[in-house]
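Right, one structure below, let's go through it.
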């Protein structure tokens, strides 16, 4: 099965956005629920920027790796700051698995010979 053209992909993105706008306008989707969608769009935009600025596939892979690591660092620092400031509830059941994942990540980083700090 052939891949859709780039023009078709762009048209699908526009159609998705228009449908979402209609659903928000009708009250079907609350504005507060758009944060995940915005995050996906931000990720899409940054990945496209990486594709356009990379000279080779290796450059793009390195860009993706740096982007993921920087974004992970920003999210971790943001969550830690919000927990310290009390703007993020410490009662979320997701915090224990997050702590375990963060510890596992720190161990994996140390295992590469790079400092975890």
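Read the figures in this text as sums done on the coordinates, not as results from a lab. Everything quoted here is computed from the prediction, not taken from an experiment. Backbone-built Cβ (ideal geometry, glycine too); neighbour counts: all protein chains shown.
Points 7 angstrom from Cα along the Cβ direction at residue 58 and residue 85: gap in nanometres? Between residue 58 and residue 85, the label points sit 4.2 nm apart.
Cβ crowding within 10 Å ranks 10, 29 as 10, 29, fewest other Cβ atoms first. Who wins for biggest fluctuation among 77, 64, 18 in a Gaussian network model of the chain, springs between alpha carbons below 10 Å? Comparing 77, 64, 18 in the GNM, the peak value goes to 18.
Geometric descriptor of segment 4-50, per residue, is 73 Å³ (volume of the convex hull of the Cα atoms).
One way to sum up the overall shape of the chain is the equivalent ellipsoid from its Cα gyration tensor, whose semi-axes run 32, 26, 11 Å, largest first.
Distance between the pseudo-spin-label points of residue 20 and residue 34 (7 Å out from Cα toward the beta carbon): 0.9 nm. Fewest-first ordering of 63, 37 by other beta carbons within 10 Å of each residue's beta carbon gives 37, 63. Residues 109, 75, ranked from the fewest to the most other C-beta atoms within 10 Å, line up as 75, 109. For segment 64-117, the Stokes-Einstein estimate of translational diffusion at 10 °C and a viscosity of 1.306 mPa s comes to 129 µm²/s, using the Kirkwood hydrodynamic radius over alpha-carbon pairs. Of all the options 78, 27, 50, the one that moves most in a Gaussian network model of the chain with Cα springs shorter than 10 angstrom is 27.
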